[in-house]
Amino acid sequence: MAAGTATKLLQWLVDGGSKMPALLEWSWVKYVNFWREEIPNLLKLVAKSLAKAKLPVTWRQLQTFTMSDWLDAAPILAAILVATATPFALLGSRSKSSNGARDLRDSFWMARELLVSGMGLCYFCGFMVSAVQHRALWGSMGLTPIGRNPHGRPTPVFDLFDELGFGFGDWQLELVSWLGVALSFQMMIGRCRSVLEPLALWCMYLSIVNLQAPFTFSYGWEWLTCEVGFLIIFLCADGRRFGMSYPPSRIVLWLIRWCAFRLLLGAGMSRLAAIKCLLAA
C-alpha cells in the first residue's frame, strides 16, 4: 500500500513538473487580466460614484442639505479627506531622534505583531467553520449544494486544482479548509512571518468566499476579512519575527486605519438611519 501511494505521489510530481510551463502561463494571463480588466473596472466604479454623489458645492446647497443628504455624502467626503490628508501625514510622520536613528516609539512594531496575529485568529475561525460545516451546508450532499462556475468570480486555488487535474468536490474544499486552519494557526502563534503565509491564506479564503455559497457570500464580514487580509500581506516580508529595527510600511498602516474608520463610520450611519426610521414611525 505504501509503495502504491509513493508511486502515485511520484507520478503526480512528474505530471506537475510537465505542467509547470502551462501553470506559469496561466498565472501570467491572470495577472495581466487583473491590470487590464479589474483595475479599469474599479476606477470606472469610483468615477461613477463620484459623478453621482450629491456634494455641497455652494453655500446655498450647504444650507439646504438634509440629514439624509449628509448620510449619503459622508462616505464620499471622508474618502476625499483621507486621500487628501494621507500624503501630508506620511511626509510629516517620519520623526527621527537627534542622532539620526528612527524613534522606537514611531516604529509600530508591536502594532504590526498584533495585527498579523489578530488576522491569523480571524482566518482560523473562518477556515475552521468551513472545515467543520461545509459538507453539511454547501457540500455535494448538503442543504444548499454549490457547483463551481469556471467563468464566474475568481477562485485562484480551485483554478489551480483544475490546471493540475484535481477537479472540484468535497475533498478539495475540505483540503483547502484544513490547510487554512493549519496555516492560520501558525500565523496566529508561530514565529515565522513569511509573506507567503498571508498570501496563501488570502487566496484560499477568497476562493471559498467566491464559490458564492448562501452561508458566506452575502455577509459583509467575509469581504472585510478578505480586504484586511489583503492589507496584512504587505506587513510581512521575510521569514523572521518582527522587531523594533524592522518598521512596517506607513502606507499599509494608513490603509488599515482608513478601513477601521470606514467600518466605524458605516456602523454609526446605520444606527442613525435606524433612529431616523424610528422617529418617522
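Summary table
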{"item": "Gained length - GLU37 relative to SER68, 0.36 nm times residue gap less alpha-carbon distance", "result": "7.7 nm"}
{"item": "Cα-based Kirkwood hydrodynamic radius, the range 122-199, one decimal, Å", "result": "13.6"}
{"item": "Length released on extending from ALA85 to GLU163, taking residue separation times 0.36 nm less the Cα-Cα span", "result": "23.6 nm"}
{"item": "Percent accessible area from carbon and sulfur atoms, the range 155-197, protein chains only, probe 1.4 Å", "result": "71"}
{"item": "Estimated vicinal HN-Hα couplings, Hz - the range 156-168 in sequence order (Karplus 6.51, -1.76, 1.60; Gly, Pro = x)", "result": "x, 5, 6, 5, 5, 4, 5, 5, 7, x, 7, x, 9"}
{"item": "Contour minus Cα-Cα distance for ALA111 and VAL252 (0.36 nm per residue)", "result": "49.6 nm"}
{"item": "Backbone HN-Hα couplings from phi across the range 224-234 [Karplus 6.51/-1.76/1.60, Hz, Gly and Pro as x]", "result": "5, 4, 5, 5, 5, x, 5, 5, 5, 4, 7"}
{"item": "Reference-scaled alpha-carbon Rg (2.2 N^0.38 Å with N residues) for the range 169-211", "result": "1.18"}
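The values are calculated or read from the model by the stated rules, or taken from the named source; none is laboratory data. This structure is a prediction, so every number in the text was calculated from the model and none was measured. Ligands, DNA and RNA are excluded from the accessible area calculation, which covers all protein heavy atoms including side chains. Shrake-Rupley method; radii C 1.70, N 1.55, O 1.52, S 1.80 Å.
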